[in-house]
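Undergrad: Sharing a structure with you now.
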Amino acid sequence: MGKLDIQAWNTMVGKYAEAGDMEFARDLFDIMPERNTHTYIAMITGYATVGKMSVARKLLDAHFPLEEKSSVAYTAMITGYARFGDLHAAREMFDELKNRDVASWNAMIAGYAQAGIAEEAVAIFRLMLEAGCLPNQTTIATVASSCALSGCPSLANLLQTYVDGHPTELLNSHTVASLIDLHSKCGDLHKAYDLFCKWKHQDLVCYSTMIAGFGIHGRGGDAINVFNELGKSNLKPDAICFVSLLASCSHSGMVEEGKQYFKLMRTEYHILPTTEHYMCLVDLLGRAGLVEEAYRLITEEGPSGMKPQAGVWGALLSACRSYCNVDIGEAAAKRLMEMEPENSGNYVLLSNIYAKAQRWGDICQGAGSNEEQGVEASWLELGG
């Protein structure tokens, strides 16, 4: 069996494993006349991708003894364990691997980041630097996302200082957008906007992130200015950009502007509104006390064939709680109870609406079929 033959076998096995068809990949694997390291890596990666970690581990232990650890195979295992929620096993695999490359470091950082454990993600990044492994652009973007979750300015400054020392290797539009998001969420809008302005290769992600950054701080006017700058460039706003813009209008109480841009999105840019756009507009109207208008938007003005999702009705129900609109609150709660009957938060909100309206006899009815969770959670929320 020549070299090209085993390459062909490996290509077939790799394609099926990459597609998640591990049954067929295993059939090919079992009948292969010979196998090599690439064969085992393809199978281990495939099993790890679909979550069959015990099978992947058996192949790893059988083919890669302790003295011959494969960084590629171990990285696949780390990624698989982390993706399916076993961070302890992922960290054990990571600690076993001594010849770590940037991909294995990134896999462990990403595992903690995806689980929302920012402190550990940053700790691994520090270890990476101490070990002398140079981060790449993926590392910076992932660590920036983790630091943004923590909202800690000192971590933001630490990361920015490192990036400033290696701009050529580490800056691209993706990392710049991640850093803009990081500084915005850590409260330093000046640094975020300075970074945005200095980057000469702004793409839609950079614009959307900067718009969102101003939005979360209630600076809707600045968000609109960035959107207008986008209009002067050769870029056209996409659906994600309009989500950031509408959310900015909502957080800033800019009702007329939000309604105007929602209309502009459809008429000038021919972007069909998604659930996220309707959530933003319902939230905007609800915050302003325009609950009836928000209800009409959901039930009458949506495009034909669109079924409002739970998030849209949830935004309306929250507005009904704030403004004590019992009738629409009941209508929204009814839809939510049909969509997600196990979500006790919806029963809590409805019960709070009844309590605010001093309709004490309706509180238990508001718990509906989810009586045990709903009533208990409702009274806890109410302080009963």
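Undergrad: Considering only residues that are farther than 13 Å from Val143 by Cα, touching a residue at least 12 places away in the same chain (Cβ under 8 Å) and in a helix (DSSP H, G or I), which ones fall in segment 181-193?
TA: Listed by number, the residues that qualify are Ser184, Lys185, Leu189, Lys191, Ala192, Tyr193.
Undergrad: Which one of Gly85, Gly111 is at pLDDT 90 or above, under 24 Å from the mean Cα position of the chain (by Cα) and assigned by TED's automatic domain parsing to the domain that holds Ala42? Talk me through it step by step, then tell me what you get.
TA: On the way: Gly111 fails: assigned by TED's automatic domain parsing to the domain that holds Ala42.
Criteria check complete, one pass: Gly85.
Undergrad: Taking the condition surrounded by fewer than 19 Cβ atoms within 10 Å (Cβ to Cβ), within 30 Å of Phe29 (Cβ to Cβ) and without any contact (Cβ under 8 Å) to a residue 12 or more places away in the chain, does Glu130 pass?
TA: Against the criterion (surrounded by fewer than 19 Cβ atoms within 10 Å (Cβ to Cβ), within 30 Å of Phe29 (Cβ to Cβ) and without any contact (Cβ under 8 Å) to a residue 12 or more places away in the chain), Glu130 does not qualify.
Undergrad: So which helices (runs of 4 or more DSSP H) stay within segment 288-384 end to end and still have 1 or more residues that are at pLDDT 70 or above?
TA: Passing ranges, in order: 291-296, 310-323, 326-339, 344-356.
Undergrad: Can I ask one more? Does Ala247 satisfy the criteria of being under 22 Å from Ala315 (Cα atoms) and either surrounded by fewer than 21 Cβ atoms within 10 Å (Cβ to Cβ) or without any contact (Cβ under 8 Å) to a residue 24 or more places away in the chain (or both)?
TA: No.
Undergrad: If you don't mind, another one. Please specify each residue of segment 3-38 satisfying the condition of being acidic (Asp, Glu) and either exposed (fewer than 13 other Cβ atoms within 10 Å of the Cβ) or part of a helix (DSSP H, G or I) (or both).
TA: Within segment 3-38, Asp5, Glu18, Glu23, Asp27, Asp30, Glu34 qualify.
The values are calculated or read from the model by the stated rules, or taken from the named source; none is laboratory data. Nothing here was measured: the structure is a model prediction, and the numbers come from that model. Positions of Cβ are generated from backbone atoms using ideal geometry, with glycine treated the same way; all protein chains shown enter the neighbour counts.
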